[in-house]
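Written below as structure tokens is the structure these notes are about.
Every number in this text was worked out from the coordinates using simple rules, so none of it is lab data. It should be emphasised that the depicted structure is a prediction, and the values quoted were computed from it without experimental measurement. Quick reminder, even Gly has a Cβ in these numbers, built from the backbone with ideal geometry, and neighbours come from all protein chains shown.
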Amino acid sequence: MSGLKRESEWKTMFRRFRKNKLAVLGGMIVLILILTAIFAPFIAPYDPIFSQNYEHTLEGPSEAHLLGTDGLGRDTFSRIVFGTRLSIQAALITVAIAVSIGVPIGLLAGYVGGFWDEWIVMRIVDAFQAFPSIILALAMASALGGGFYNAMIAIGIGFLPSFIRITRAQVMTVKNLEYVQAARAIGASNVRIMFGHILPNTMGPILIQMTLSMAAAIIAEAGLSYLGLGASPEQPSWGSMLSTAQGFLNVQPLLAFWPGIAIFTVVLGFNLFGDGVREMLDPKLKS
């Protein structure tokens, strides 16, 4: 009976999601991004790094080069396509770092409470949140020495306060409910209560934050790469492509237009999809 009820709940949630046309559009954009990243070698007509033609630099869109070429004669379309891989990596790595560290800390802080929660964890979180996450990521990326993966570590650490706060708030809401008290009454350990009973019932807001943080991670990676602290200029990163295009705005402005549109579209897709997930998981909404 409980299995049928759970199946009915899932159907209701997906029905809510399907009713939100913008969320469906966002989901389609995210799906296209993932498929493009997977099949990039089959979609891109040229190698994004080594296929250079100095006789055809800074050209506009043509039959041979769908979106034109850059200052080294590399195909812009191929670099945009392969740039989806770095964007997906940026989204997954940074959110994985933030979730794997932030959620356990927030879970423990909310469950234990007291001095550990109020005067250690939350004061450190407040100190982190005194700076915008992108500024914090910029400072840490500079300290780590730049590079794509160092930038991902910096961005992931910058996202930690959001996940700690959200997890802590949800844990404090549910830790005194009847099913948790029943688990204590039958002698369940604190670890089992936290990870087996409390955490599964706090995942809704965490999942929403994950989707929205993926959009923020893509913007942050593009920003750090633009400033030279993320992907190197030869890598097909949308941010580094914008940085390179800056020097050719008077000659070939489309060189900056295409990566800018790619960043805008993907971030919009993740945000719309995140809003749809929020609406789908909101227990206050009726089917």
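Here are some notes:
- Placed amide H near Gly230: partners under 5 Å, 5+ positions off or other chain: Gly147, Ser225
- Under-5 Å amide H pairs with Ser237, H placed in peptide plane, nonlocal only: none
- For the chain, average projected area of the Cα convex hull in nm²: 18.4
- Extension reserve of the His56-Tyr179 stretch, reckoned as 0.36 nm per residue once the Cα distance is removed: 37.5 nm
- Residues Val266, Val112, Val103, Val121, sorted so that the one with the fewest Cβ neighbours within 10 Å comes first: Val112, Val121, Val103, Val266
- For the chain, the longest principal axis of the C-alpha atoms and the axis of helix 76-112 are separated by about 20°.
- For the options Phe17, Phe42, Phe195, a Gaussian network treatment of the chain with springs between C-alpha atoms closer than 10 Å singles out Phe42 as fluctuating the most.
- Cleavage-rule hits (chymotrypsin sites (Phe, Trp or Tyr not before Pro)) in segment 49-91: DSSP loop, at most 13 neighbouring Cβ within 10 angstrom: Phe50, Tyr54
- Fewest neighbouring Cβ atoms within 10 Å first, the residues Asp275, Asp126 line up as Asp126, Asp275.
- Shown is the FRET efficiency for Lys11 and Phe248, computed with R0 = 45 Å from the Cβ-Cβ distance and rounded to the nearest 0.05: 0.30.
- On Cα atoms only, tilt of 133-144 relative to the major axis of the chain in degrees: 70
- Computed over the chain with a Gaussian network model linking Cα atoms closer than 10 Å, the most mobile of Ala91, Ala151, Ala245 is Ala245.
- Helix-only [θ]222 nm of the chain, DSSP H runs n ≥ 4, -39500 (n - 2.57) each, per residue, nearest 500: -22000 deg cm²/dmol
- Burial ordering of Val171, Val251, fewest other beta-carbon atoms within 10 Å first: Val251, Val171
- With Cα atoms, 0 to 90° folded angle of helix 2-19 axis to the chain main axis: 40
- Each other residue within a Cβ distance under 12 Å of Ala231 adds +1 if Lys or Arg and -1 if Asp or Glu, for a net charge of 0.
- Here Lys175 is the anchor, and the aspartates and glutamates within straight C-alpha reach of less than 20 Å, apart from those fewer than 8 places off in the same chain, are Asp117, Glu118, Asp282.
- Under 5 Å, built H, 5+ apart or other chain: amide partners of Ala188: none
- Charge sum, other residues only, whose C-beta stays under 11 Å from Ile198's C-beta, Lys/Arg counted +1 and Asp/Glu -1: +2
- Distance between modelled label sites at Ala169 and Phe39, nm, 7 Å Cα→Cβ extension: 4.0
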